[in-house]
Amino acid sequence: MKFFIDTADIEEIKAAKDMGLLDGVTTNPTLIAKTGKPFLDVVEEILKEIPDKPVSLEVASTDFEGMMKEAEYLSKLGDNVVIKIPLTVDGIRAVKHLVDEGIKTNVTLCFSPNQAILAMKAGATYLSPFVGRLDDIAHEGMELIRQIKTIKDNYNFKTEILVASIRHPMHVVEAALIGADVATIPYKVIAQLAKHPLTDIGLERFLKDWEKVPEKPF
Ligand code: E4P
C-alpha cells in the first residue's frame, strides 16, 4: 500500500519524507488555510520538496468551466500535480475531460459506492473515500472501502483507491487488509504507526542488559 501524507505543512512533509516511505502528498483547501500562508507559496514549497511524486491540489470552483480553468492552471505548476475534483456531476464531467487531456485526477469527497462507480467509470487516477467522516456520523467508513474494492475488482477498474480522512492507526491497518492502493495519512498517525508499549519496554530492557555486556565493540 502506498503512503501519502495528508497535509500542507512543509515540516510534516519533510519529516515523513525523511522516514523514506513517502509516496505522495494530498492537500485540500482546509489544510492549505491552516498554514496561514499564500496559496502559491505553500504549493511551491511542497513541489520543491516533492518534485517527483504525486501532489494533489484541489480546485475551488464547483462548476465545470471553473473547474477546468483551475485544473489547467494547477496542472502547469508541476508535472507531478494531480487535480483534486469534488464528486459532483460537474466534477465527474471535468474528470472525464481531464483524463482525455492526460491530466491526472483525484476525485474527492466520496461517501458512497454509487459515487465511486461514477469516478472509476470516468477514469479518475485516484478516488478518495472519506472513512473518518463516515465514522463521525455513525456509518462504518471501512465498509465503503470494502464495497469499492469489490466493484473495482469486478470490473478491473484502473482507478486507485486512496483511503482518506484517516484518523487513527486502525484505519491504516484495515485499509491494508482490504487491499486499498493508497492511504493518505496525517503526520500524527504516521508517527503512531511505529508505536507499541511492548517495543518501548523491550528496548529499555535490552539497553539495560547491554550495559552488562563486557568488552563491547560500540
Ligand atoms: C483527503 O484527501 C482529505 O484531504 C482528507 O483526508 C480529509 O480528512 P478529514 O476528514 O480529517 O478532514
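The values are calculated or read from the model by the stated rules, or taken from the named source; none is laboratory data. Small disclaimer: the values here were computed from a predicted structure and weren't measured. Cβ: placed from backbone, ideal geometry, glycine included. Neighbour counts: every protein chain shown.
A few comments on the model shown:
- Filter result (among the acidic types (Asp, Glu) and either loosely packed, with under 14 Cβ neighbours inside 10 Å or part of a loop (DSSP other than H, G, I, E, B) (or both)) within the stretch 167-193: Asp181
- Single residue of Val182, Val172, Val189 found to be under 20 Å from Leu31 (Cβ atoms), more than 11 Å from the ligand (Cβ to nearest atom) and at pLDDT 95 or above: Val172
- Where a residue in the stretch 73-95 is more than 26 Å from Phe111 (Cα to Cα) and of a type in the set (A, V, I, L, M) and its partner, wherever it lies, is modelled with pLDDT of 95 or more and away from the ligand (no atom under 16 Å from the Cβ), with Cβ under 9 Å and at least six apart: Leu77/Leu40; Leu77/Glu44; Leu77/Leu47
- Restricting attention to the stretch 121-138 and to residues that are surrounded by fewer than 20 Cβ atoms within 10 Å (Cβ to Cβ) and more than 12 Å from the ligand (Cβ to nearest atom), the residue that is farthest from Leu162 (Cα to Cα) turns out to be Ala138.
- Residue match in the stretch 209-216 (condition: part of a helix (DSSP H, G or I), closer than 30 Å to Gln147 by Cβ and not β-branched (Val, Ile, Thr)): no
- Residue in the stretch 158-166 that is under 26 Å from Phe64 (Cα atoms), in contact (Cβ under 8 Å) with a residue 40 or more places away in the chain and of a type in the set (Lys, Arg) present: no
- Scan of the stretch 156-197 for residues that are β-branched (Val, Ile, Thr), within 10 Å of the chain's Cα centre (by Cα) and farther than 15 Å from Ala16 by Cα, ordered by number: Ile161, Val163, Ile166, Val182
- The set of residues in the stretch 1-47 being of a type in the set (Gly, Ala, Ser) and within 14 Å of the ligand (Cβ to nearest atom) consists of Ala8, Gly24, Ala33.
- Lys212 within 15 Å of the ligand (Cβ to nearest atom) and of a type in the set (Lys, Arg): no
- From the list Lys53, Lys17, the lone residue that is more than 15 Å from Tyr126 (Cβ to Cβ), surrounded by fewer than 17 Cβ atoms within 10 Å (Cβ to Cβ) and among the basic types (Lys, Arg) is Lys17.
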